[in-house]
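Only one structure is covered here, and it is reproduced in the block below.
The values are calculated or read from the model by the stated rules, or taken from the named source; none is laboratory data. Note that the structure is predicted; figures quoted are calculated from it, not measured. Positions of Cβ are generated from backbone atoms using ideal geometry, with glycine treated the same way; all protein chains shown enter the neighbour counts.
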Amino acid sequence: MATNIKLNQPVDGHSIFKTNQLLTAAHLNSIGRFFDYQDRLTRARMLGNCLRA
């Protein structure tokens, strides 16, 4: 069964990386959260759903 996920907690951004930087799980997870939020937001707006504050 599908779970509805509300987009009322925006993800501000993601990390900027430098050459030879050691990436932690937190860095990689922040990128995943950012792009997952952007993907869901884009689909919600393309389908005509309104985001309610």
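Take residue 29 and decide whether it is modelled with pLDDT under 65 and surrounded by 10 or more Cβ atoms within 10 Å (Cβ to Cβ). So that I can check it myself, show each step before the final result.
Values: modelled with pLDDT under 65: no; surrounded by 10 or more Cβ atoms within 10 Å (Cβ to Cβ): yes.
No, not satisfied.
Residue-by-condition table, conditions (1) at pLDDT 80 or above; (2) exposed (fewer than 12 other Cβ atoms within 10 Å of the Cβ); (3) not hydroxyl-bearing (Ser, Thr, Tyr):
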{"residue": "5", "(1), (2), (3)": "no, yes, yes"}
{"residue": "17", "(1), (2), (3)": "yes, yes, yes"}
{"residue": "24", "(1), (2), (3)": "yes, yes, no"}
{"residue": "41", "(1), (2), (3)": "yes, no, yes"}
{"residue": "45", "(1), (2), (3)": "no, no, yes"}
